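The values are calculated or read from the model by the stated rules, or taken from the named source; none is laboratory data. Just so we're clear, the structure is a prediction, and the values are computed from it rather than from any experiment. Cβ sites come from the backbone with ideal geometry, for glycine too, and all protein chains shown count toward neighbours.
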Amino acid sequence: MPNISRWILYPILLIAGTTIMAAAMVFVVLILTYPNLPSLEILTDYRPKIPLRVYTADGHLIGEFGEERRAVVHIQDVPEVMKQAILAAEDERFYQHSGIDALGVLRAAASNILGGGKKQGASTITQQVAKNFFLSSEKTYARKLYEALLSFKIEANLSKDQILELYINQIYLGQRAYGFGAAAQIYYGKALKDITPAEAAMLAGLPKAPSAFNPVVNPKRARLRQQYVLRRMRELGFLSDKQHKEALKQTLIVKRDTNEYAVHAEYVAEMARQMAAERFPEDVYSRGLKVYTTILKNDQEAAYFSMRRGVLDYDRRHGYRGAETYVEMSDIKSDQDEALDELLQDFSDSPDLHPAIILQAESKQIRAYRKGGEIITIAGDGLKLAAKMLDDKAPANKRLRRGAIIRVQTDDKNNWRITQMPEVEGAFVSVDPQTGGIRSLVGGFDFNRNKFNHATQAWRQPGSSFKPFIYSGSLEKGFTPASIIDDSPISFPASVTGSQAWEPKNYDGKYEGPMRMRTALAKSKNMVSIRLLQASGVHFIQDYATRFGFDAEKHPPYLTMALGAGSVTPWQMVTAYSVFANGGYRIQPYIVSEIRDEKDQVLAEAQPVKAGDESLQVIDPRNAYLMDSMLRDVTIYGTAGRASATLKRRDLAGKTGTTNEHVDAWFCGYQRTVVGCSWVGFDQPKNMGNGETGGTTALPAWIGYMAKVLKDVPESFQSQPQGLVAVDSPGSGKGPAKELFYKENVPTAIEPEPPQESNARPVD
């Protein structure tokens, strides 16, 4: 019996002793470790990394820059349904435990033992705060012990609401979103206070696995996680049966557009970022700086969509190029196979140009798969562009068949149609000619595809859009809008050019003989421009052009300058045309109006000098007035006659431009309140095709922009400056009945203009 007692007693004593020793060791560890835990100052004085934010002049967010995207919210501003969803998903006993949920630990331990490993966690919200602020993500018992101690310390020093607020603002939720405030905006495009129970449940499901449950890239798994959270909310009494059913039925519209902001202004945002980083290099992406630009939402939208529409119209005129590429479909089991989303991962959306995989292709119908499980059908007019590529005779590497990657968009009736990513690029920029504030800027078709800013960085030949500056210089040399200049062929021997013989031609190959300078500009006659340049002096015009902001070295003093053979940027062109729009003043375009800190205090502010300041006067006001008059003729009966006819107004002025071999197409023009410049061309200069002129290819974007921004702007015209004399103009044709002259250049008699071809349509 004694032996039996010993066998029973010894193990009990061993276990008891071991337990006591373990408890003692834990006690010693606690005594030694707790005082050395990190200070909670980072929590009590919470200063999250707030990204650099860029805004339009009228307060719309257009860009964020920083590793962490945040929208900090105070606990009192968090809707109750969001709190409940978080508790249901992460820590239902949050308001009852002291940092560690003992019941949760026991439940997880049992699961782990039965499962043969560490498979289930039991981290409370407090523990997650401790981990996110102080610890790594490694799964070791030492780290868990440290986490537990930190949790006790946090609970001892902060209230439950303070802890929850830290969690709500700090947790990572995918898409670079930190905190539920940012996530609500990123996923649903709304403020946190406006979310529904269904949306709250989706967001609350993200912390467990932000990538796996991301509703953008994994909508099916995200939906399953959301359903789990909603079920837990019902079980905990946060939702009634009715509310639960309604939440399950709600269709969640997750933002899938590549643009997450109020308007597409990616190139503007990048310009603002560079300026802010140059000014405040130390902590530009974390201190919450706010950069306010000069662009206006309405103007930017008009510029963006008009430019894209113009580029896509050009692209459609030149035919469909076939499938973008092909993906392997042999392992796809059904039309709803999750692997289809994986196959589309490498093909990003371009706004309104969505990638899709063809599931089935027939001559009259295509079925295709879009990201997120959407099956679309394309038929009728939707196949019109790509019809030839559905034929069996189409090239094998371009034919539309199962597995082909295509681009699709919706038409005005919300029907799907096939389109394609254009190869050609475009740019548009507009400016207030009085202040220099940039009203809109689009640097390319798609910033995510090509970050090169064509509006500010693309040096291209301006073609005939440069002619107004030659004409302006000629006025200072004694020419007048009524001067008769010969539009007839001209040639220059090598001895004159210094290189080789040159025989320039008019764009259309037609010559109309002697005509007024006014008519020649409207019709964009190359021969007249050359003769004006020759008579005025190439060196004089080269220097004169610098008054408008052009670089002299970019415009060599040769007669080819008359055809716009120099180099300009769209930014330079709106600067230059502003001189005509504002009465002769050279403004300095700028795009950032001010930079503010996180407390909304102004750190830097633009100080523009406005038109009217004598220091900015670069040409005679009379010169600007006459040029404005002639440039309005261009938009009424000249190469840009489509402008006034479409917009039904006569206060528009501008000039088309088409470079040699149809490489670049331009239209630069204005109404007194706004100057805009449109450009279209390839990154690697090449022929865009016969008939692709400034009036055909670039002008439509300018018209589209002006149609929107001038909708409620009444017609207005420049006031005639002193020093001009009006004289009756005999046989004025389409020009004004009276011609204006500098008072010192009034001719004794005005020579009538010879008759012109009545049916000739000016092109350039």
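Among the residues of the stretch 268-310, those that are among the hydrophobic types (A, V, I, L, M, F, W, C), more than 16 Å from the chain's Cα centre (by Cα) and assigned to a helix (DSSP H, G or I) comprise M275, A276, A277. Scanning the stretch 333-392 for residues that are loosely packed, with under 15 Cβ neighbours inside 10 Å, small (G, A, S) and part of a strand (DSSP E or B) returns a single hit, A379.
Of these, F540, F550, which one is surrounded by fewer than 24 Cβ atoms within 10 Å (Cβ to Cβ), assigned to a loop (DSSP other than H, G, I, E, B) and hydrophobic (A, V, I, L, M, F, W, C)? Explain how you work it out, then say what you get.
Values: F540 fails: assigned to a loop (DSSP other than H, G, I, E, B).
Being surrounded by fewer than 24 Cβ atoms within 10 Å (Cβ to Cβ), assigned to a loop (DSSP other than H, G, I, E, B) and hydrophobic (A, V, I, L, M, F, W, C) holds for just one of F540, F550, which is F550.
Candidates G437, G473: the one that is over 30 Å from L740 (Cβ atoms), of a type outside the set (V, I, T) and either in contact (Cβ under 8 Å) with a residue 12 or more places away in the chain or out of contact with any strand residue (DSSP E or B) (no Cβ under 7 Å at 6 or more places or on another chain) (or both) is G437. Restricting attention to the stretch 484-535 and to residues that are of a type in the set (D, E, K, R) and part of a helix (DSSP H, G or I), the residue that is farthest from R761 (Cα to Cα) turns out to be R531. Taking residues in the stretch 628-639 that are more than 8 Å from A653 (Cβ to Cβ), and partners anywhere that are among the acidic types (D, E), the pairs with Cβ atoms closer than 9 Å and at least 6 places apart or on different chains are G638/D764; T639/D764.
Table: residues versus (1) under 24 Å from T658 (Cα atoms); (2) modelled with pLDDT under 95; (3) surrounded by fewer than 20 Cβ atoms within 10 Å (Cβ to Cβ).
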{"position": "S440", "(1), (2), (3)": "yes, no, no"}
{"position": "S464", "(1), (2), (3)": "yes, no, no"}
{"position": "D486", "(1), (2), (3)": "yes, no, yes"}
{"position": "F492", "(1), (2), (3)": "yes, yes, yes"}
{"position": "G498", "(1), (2), (3)": "no, yes, yes"}
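Look through D331, D352 and report the one residue that is at positive phi and either modelled with pLDDT under 90 or in contact with a His (Cβ under 9 Å, 6 or more places away or on another chain) (or both). Reasoning before the result, please.
Working: D331 fails: at positive phi.
After applying the criteria, what remains is D352.
With respect to I591, determine if the residue is within 30 Å of P48 (Cα to Cα), crowded, with 22+ Cβ neighbours inside 10 Å and either touching a Cys at 6+ places or on another chain (Cβ under 8 Å) or not hydroxyl-bearing (S, T, Y) (or both).
Working: within 30 Å of P48 (Cα to Cα): yes; crowded, with 22+ Cβ neighbours inside 10 Å: yes; either touching a Cys at 6+ places or on another chain (Cβ under 8 Å) or not hydroxyl-bearing (S, T, Y) (or both): yes.
Yes; evaluated as a whole, the condition is true for this residue.
Of Y314, Y267, Y304, Y326, all but one fail to be crowded, with 20+ Cβ neighbours inside 10 Å, over 24 Å from G63 (Cβ atoms), in contact (Cβ under 8 Å) with a residue 12 or more places away in the chain and aromatic (F, W, Y); the exception is Y314.
Condition check for G372 on (1) of a type outside the set (K, R); (2) more than 30 Å from I703 (Cβ to Cβ); (3) modelled with pLDDT of 95 or more: one failure, at (3). Counting the residues of the stretch 197-234 that are farther than 23 Å from R370 by Cβ and touching an Asp or Glu at 6+ places or on another chain (Cβ under 9 Å) gives 6.
Restricting to the stretch 303-337, name every residue that is hydrophobic (A, V, I, L, M, F, W, C) and closer than 30 Å to N687 by Cβ. Before the answer, list the steps.
To start, the set of residues in the stretch 303-337 that are hydrophobic (A, V, I, L, M, F, W, C) comprises 303, 305, 307, 311-312, 323, 327, 329, 332.
The answer is A303, F305, M307, V311, L312, A323.
Restricting to the stretch 524-553, count the residues that are within 40 Å of the chain's Cα centre (by Cα) and either within 30 Å of P589 (Cα to Cα) or free of Cβ contacts under 8 Å to residues at least 24 places away in the same chain (or both). Residues in the stretch 524-553 being within 40 Å of the chain's Cα centre (by Cα) and either within 30 Å of P589 (Cα to Cα) or free of Cβ contacts under 8 Å to residues at least 24 places away in the same chain (or both): 15 in total.
Restricting to the stretch 733-751, give me the number of residues that are out of contact with any Gly (no Cβ under 7 Å at 6 or more places or on another chain) and either modelled with pLDDT of 85 or more or aromatic (F, W, Y) (or both). Going through the stretch 733-751 one residue at a time, the tally reaches 7.
Considered as a group, the residues in the stretch 598-627 that are farther than 23 Å from S716 by Cα, in contact (Cβ under 8 Å) with a residue 24 or more places away in the chain and not aliphatic (A, V, I, L, M) include one that is surrounded by the fewest Cβ atoms within 10 Å (Cβ to Cβ), and that residue is D600.
Taking the listed residues E751, E739, the one that is over 26 Å from the mean Cα position of the chain (by Cα) and outside any loop (DSSP other than H, G, I, E, B) is E739, with no other qualifying. Residues considered: I100, I62, I75. Of these, the only one that is surrounded by 13 or more Cβ atoms within 10 Å (Cβ to Cβ), modelled with pLDDT of 90 or more and in the same structural domain as A182 (by TED's automatic domain parsing) is I75.
Looking at V713, V763, V674, which is the one that is crowded, with 22+ Cβ neighbours inside 10 Å and either within 37 Å of the chain's Cα centre (by Cα) or more than 20 Å from L626 (Cβ to Cβ) (or both)? Please lay out each step first, then the result.
Details: V713 fails: crowded, with 22+ Cβ neighbours inside 10 Å; V763 fails: crowded, with 22+ Cβ neighbours inside 10 Å.
Result of the check over V713, V763, V674: V674.
Looking only at the stretch 281-301, count how many residues are touching a residue at least 60 places away in the same chain (Cβ under 8 Å) and either farther than 15 Å from V429 by Cα or acidic (D, E) (or both).
11
Taking the conditions (1) touching a strand residue (DSSP E or B) at 6+ places or on another chain (Cβ under 6 Å); (2) modelled with pLDDT under 95 in turn, Y507 satisfies each one other than (1).
What are the residues in the stretch 639-661 that are modelled with pLDDT under 95 and of a type outside the set (S, T, N, Q), if any? Within the stretch 639-661, E661 is the sole residue that qualifies.
Looking at the structure I just gave you, is R367 of a type outside the set (G, A, S) and either more than 22 Å from E425 (Cα to Cα) or out of contact with any Leu (no Cβ under 9 Å at 6 or more places or on another chain) (or both)? Let's see the steps before the verdict.
Numbers: of a type outside the set (G, A, S): yes; either more than 22 Å from E425 (Cα to Cα) or out of contact with any Leu (no Cβ under 9 Å at 6 or more places or on another chain) (or both): yes.
Here the answer is yes, as R367 does meet what is asked.
Given the structure, is L699 farther than 23 Å from G566 by Cβ and of a type in the set (A, V, I, L, M, F, W, C)? For L699, the condition - farther than 23 Å from G566 by Cβ and of a type in the set (A, V, I, L, M, F, W, C) - is not met. Considering N526, N506, the condition of being in contact with a helix residue (DSSP H, G or I) (Cβ under 7 Å, 6 or more places away or on another chain), closer than 30 Å to V727 by Cα and crowded, with 18+ Cβ neighbours inside 10 Å is satisfied by N526 alone.
If you check E278, E301, E282, which single one turns out to be under 30 Å from T697 (Cβ atoms), outside the structural domain of K388 (by TED's automatic domain parsing) and among the acidic types (D, E)? Lay out the reasoning, then the answer.
Values: E278 fails: under 30 Å from T697 (Cβ atoms); E282 fails: under 30 Å from T697 (Cβ atoms).
That would be E301, the only listed residue that is under 30 Å from T697 (Cβ atoms), outside the structural domain of K388 (by TED's automatic domain parsing) and among the acidic types (D, E).
State whether one or more residues within the stretch 745-752 are farther than 21 Å from Y577 by Cα, among the hydrophobic types (A, V, I, L, M, F, W, C) and surrounded by 13 or more Cβ atoms within 10 Å (Cβ to Cβ). Yes: the stretch 745-752 contains one or more residues that are farther than 21 Å from Y577 by Cα, among the hydrophobic types (A, V, I, L, M, F, W, C) and surrounded by 13 or more Cβ atoms within 10 Å (Cβ to Cβ).
Screening S578 against (1) touching a strand residue (DSSP E or B) at 6+ places or on another chain (Cβ under 6 Å); (2) outside any helix (DSSP H, G or I) leaves a single unmet condition, (2).
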